[in-house]
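Notes to accompany the following structure.
The values are calculated or read from the model by the stated rules, or taken from the named source; none is laboratory data. As the structure is a prediction and not an experimental result, all values here were calculated from the model. Neighbour counts run over all protein chains shown; Cβ positions are idealised from the backbone, glycine included.
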Amino acid sequence: MSRWVLFDFDGTIAESTDALLSFFNSHIYGRYSSQKLTADDFHTLRSLSLAEKIRFINVPFYKIPLLVRMCRKHFHTMIDDLHIVEGLEEACLSLRQQGYRLGIVSTNNRENIVNFLEQKGVSSLFSLVMCDSGPFLSVKHRTLRKFLRQENITGEAVVYVGDELRDILACRETAIPVVSVAWGWENRELLEKNNPGCVIEDTRELPGIIATLSTQNQLKHVPLSS
């Protein structure tokens, strides 16, 4: 039976808060926004939807695609300051030992992710890195559909692990069960309002949650009909 656990990258695997705040204040503040961000602001942002976040940082909506491209372009300069979320490597090793195949589906740039994984010495954990690095952030459902077609499976053969509302929405569009994690860019309260399958706050919970879903036959190898 082919069983996949797919992960978001930013905020789910990579703990990138400090690096991205530094990037914003160095490259965005004063040029595209009059709002300088602090660590306290990050806690506020975690409780806001994507549209509310954009309003909070005081950047015009039409500038967002440009800023997304800028962030991806400068990502390689931040890798030394990024860290794997504490305990996630051990959770992934446990999932591999249980027989799951692990992959990453992200709206970041594939080269950025591969470089990060190689530098941190964890690239062997992941069988796949698939990205849709278009100018908009709400395109993950397209990449998930592409993955399902590529593997010739339906969403029942997969579980997705992510830290944002847009992960929940992308999984809803592709009928993929989702485990939301509250250690990333959005907090537990905001995630729970949008009814994911479950929300966890500790990486040590992840292998058990995935095993429970599998026991309940929610992770099946279901080929797509031809």
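Below, the figures for the structure above:
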| quantity | calculated |
| --- | --- |
| Criterion: among the polar types (S, T, N, Q), modelled with pLDDT of 90 or more and surrounded by fewer than 20 Cβ atoms within 10 Å (Cβ to Cβ) - qualifying residue of Asn217, Asn152 | Asn152 |
| Only one of Val68, Val114 that is closer than 25 Å to Lys146 by Cβ, without any contact (Cβ under 8 Å) to a residue 24 or more places away in the chain and among the aliphatic types (A, V, I, L, M) | Val114 |
| Residue count, region 83-104 (criterion: touching a helix residue (DSSP H, G or I) at 6+ places or on another chain (Cβ under 8 Å) and of a type in the set (Lys, Arg)) | 1 |
| Every pair of residues 6+ apart whose Cβ atoms lie under 9 Å, when the first sits in region 24-50 and is at negative phi while the second is in a loop (DSSP other than H, G, I, E, B) and among the acidic types (Asp, Glu) | Leu45/Glu186; Arg46/Glu186; Ser47/Glu186; Leu48/Glu186; Ser49/Glu186; Leu50/Glu164 |
| Val68 being of a type in the set (Val, Ile, Thr) and either part of a helix (DSSP H, G or I) or assigned by TED's automatic domain parsing to the domain that holds Phe24 (or both) | yes |
| Within region 180-214, considering residues that are acidic (Asp, Glu), in contact with a Ser or Thr (Cβ under 9 Å, 6 or more places away or on another chain) and part of a helix (DSSP H, G or I), the one farthest from Asp167 (Cα to Cα) | Glu189 |
| Criterion violated by Gly103 - all others in (1) among the small types (Gly, Ala, Ser); (2) in a loop (DSSP other than H, G, I, E, B); (3) surrounded by 18 or more Cβ atoms within 10 Å (Cβ to Cβ) satisfied | (2) |
| Checklist (1) modelled with pLDDT under 95; (2) assigned by TED's automatic domain parsing to the domain that holds Val161; (3) not in a loop (DSSP other than H, G, I, E, B) applied to Leu117, failing item | (1) |
| Out of Leu67, Leu50, Leu82, Leu95, sole residue that is in contact with a Lys or Arg (Cβ under 7 Å, 6 or more places away or on another chain) and either under 24 Å from Val139 (Cα atoms) or crowded, with 18+ Cβ neighbours inside 10 Å (or both) | Leu50 |
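Residue-wise test of (1) among the acidic types (Asp, Glu); (2) in the same structural domain as Leu117 (by TED's automatic domain parsing).
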position	(1), (2)
Asp10	yes, yes
Tyr29	no, no
Asp40	yes, no
Ala51	no, no
Arg55	no, no
Phe61	no, no
